[in-house]
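J.: Have a look at this one before I ask anything.
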Amino acid sequence: AKRAGKNTFKFFDASLNKSALTRLRTENALRHALENEELRLHFQPQLDTRTGRMQGLEALLRWRHPELGEISPAVFIPIAEETGLILPIGEWVMRTACQQLRAWQASGSAIQRVAVNVSACQFKNRDFTNLVARILAESGLDPACLELELTESILMDHADESIGMLHQLKALGVQLAIDDFGTGYSSLSYLKRFPIDRLKIDKSFIYNIENDRDNAAIAQAVIAMAETMALHVTAEGVETREQLQFLSASCCGEVQGFFFSKPVPVDEVPETIRRLAEH
Ligand code: C2E
Ligand code: CA
Ligand code: CA
Ligand code: CA
């Protein structure tokens, strides 16, 4: 090893060292997570606000480490993105979600849609459209049953290139949604040019919406804009009856959140659907 100079030692202060080590451990563990089948998908229902019918399920990634237990995607997705591991992981998510919906449909379920989160590295990869096409063909899933959720910031970063990418994806027949809408810096002129199908209002705006005037105004503005642009709109993070009533009165098309169901493992999906259909 090289002899470390004076300044190099200063660089390695204890806290940095520790976080770098944790990061390295997490990266290695994540590398093995795929092979060791530690990754799973949970599914959360998305419902028609007016009829209460389930319209689709969002696939959300879960990682249970053998020693550390459940690790939140908010923690490991950023590491997966920085290390490039999000490419094989994201591919696994998309393939598993498509195969799972196909399997449910084959067993007689009427579930019409699965929504999959797509990260920046995946979307910017030249091969992404081909990959989606291949997974759809392999799984035999109707492309219209797959919805890709892309955040506002992914799309607005290199917005001109995004338009081309989105057109390629639309040509496959999939649905496109902008996730966490309102948290980024969408330019309305670009929004008009993105061939998208849906806006998902970020849950931070749904919080206390029945009392918080700012949140109410923002959500209603997004709903009105979506209506004008002929886009579907979903509110995420609906936790209470009061929020649902407000969103229903504001003509928000779809709702998703703990009030209806938390994200559940594959084997709990049929029971969850049955329970939701009873109300
Ligand atoms: P997101 O795509 O915005 O997903 C919504 C998050 O809100 C999920 O957290 C979900 O469990 C949670 N949630 C759902 N309903 C409620 C509610 O009523 N109240 C509250 N407070 N939260 C609710 P989760 O599963 O921990 O995922 C966090 C984020 O990690 C996701 O945010 C998404 O950005 C990312 N993520 C999860 N799975 C994937 C994946 O397969 N690929 C990629 N690229 N990112 C993923
Ligand atoms: Ca999402
Ligand atoms: Ca979201
Ligand atoms: Ca979010």
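The values are calculated or read from the model by the stated rules, or taken from the named source; none is laboratory data. Quantities reported herein were computed from a predicted structural model and do not represent experimental measurements. With ideal geometry, Cβ positions are generated from the backbone for all residues, glycine too; neighbour counts draw on all protein chains shown. The area values use the complete protein model at the heavy-atom level, side chains included, leaving out ligands, DNA and RNA. Shrake-Rupley method; radii C 1.70, N 1.55, O 1.52, S 1.80 Å.
J.: Of 53, 134, 95, which has the most accessible area with a 1.4 Å probe, and how do the rest follow in descending order? Please report the intermediate quantities before stating the final value.
T.: Numbers: 53 160, 134 110, 95 60 Å².
Result of the area sort, largest leading: 53, 134, 95.
J.: Something else: With the calculation restricted to Cα positions, what are the radius of gyration and Dmax of the chain in angstrom?
T.: Both quantities, over Cα of the chain: 20.4, 70 Å.
J.: Additional query: Calculate, for segment 88-181, the solvent-accessible area per residue in square angstrom, rolling a 1.4 angstrom probe over the heavy atoms of the protein chains.
T.: On the way: 3690 Å² over 94 residues.
Per residue, segment 88-181 has 39 Å² of solvent-accessible surface.
J.: Distance from the Cα centre of segment 105-182 to that of segment 190-232, in angstrom?
T.: The two parts, judged by their Cα centres, are 20 Å apart.
J.: I'm checking a number: the convex hull volume of the Cα atoms of segment 139-279, normalised per residue, in Å³. What is it?
T.: Numbers: hull volume 17.8 nm³, N = 141.
Looking at segment 139-279, the number lands at 126 Å³ per residue.
J.: Now a separate question. Probe radius 1.4 Å, ligands and nucleic acids ignored: give me the carbon and sulfur share of the accessible area of the chain as a rounded percent.
T.: Details: 7950 of 14950 Å².
C and S atoms contribute 53 percent here.
J.: Which of the peptides 41-47, 222-228 is most tightly packed, and how do the rest follow, judged by the mean count of other Cβ atoms within 10 Å per residue? Please report the intermediate quantities before stating the final value.
T.: Details: 41-47: 22.7, 222-228: 16.0.
By packing density, highest mean first, the sequence is 41-47, 222-228.
J.: Send over the per residue convex hull volume for segment 174-250, Cα only, as a whole number of Å³. Provide the component values of the computation, followed by the final result.
T.: Values: hull volume 6.8 nm³, N = 77.
Enclosed volume per residue, from the Cα hull, is 89 Å³.
J.: For residue 53 and residue 229 in the same chain, what is the full-extension length gain: residue separation times 0.36 nm, less their Cα-Cα distance, in nm?
T.: Numbers: separation 176, 0.36 × 176 = 63.36 nm, distance 2.40 nm.
Here the answer is 61.0 nm.
J.: Turning to a different aspect of this structure: With 5 Å bins from zero, work out the P(r) of segment 86-180 over every alpha carbon pair and list the percent per bin.
T.: Calculated over all Cα pairs of segment 86-180, the distribution is 2, 14, 26, 26, 18, 9, 4, 1, 0 percent.
J.: Keeping all protein chains in place and using 1.4 angstrom, which order do 232, 279 fall into by accessible surface area, from largest down? Could you put the intermediate results ahead of the total?
T.: On the way: 232 105, 279 175 Å².
I get 279, 232, largest accessible area first.
J.: Principal axis lengths of segment 206-279 from Cα atoms, whole Å, largest first?
T.: 38, 28, 20
J.: When N is the residue count of segment 85-135, what does its C-alpha Rg come to as a fraction of 2.2 N^0.38 Å?
T.: Working: Rg = 12.1 Å, N = 51, 2.2 N^0.38 = 9.8 Å.
Computed over Cα atoms of segment 85-135, the ratio equals 1.24.
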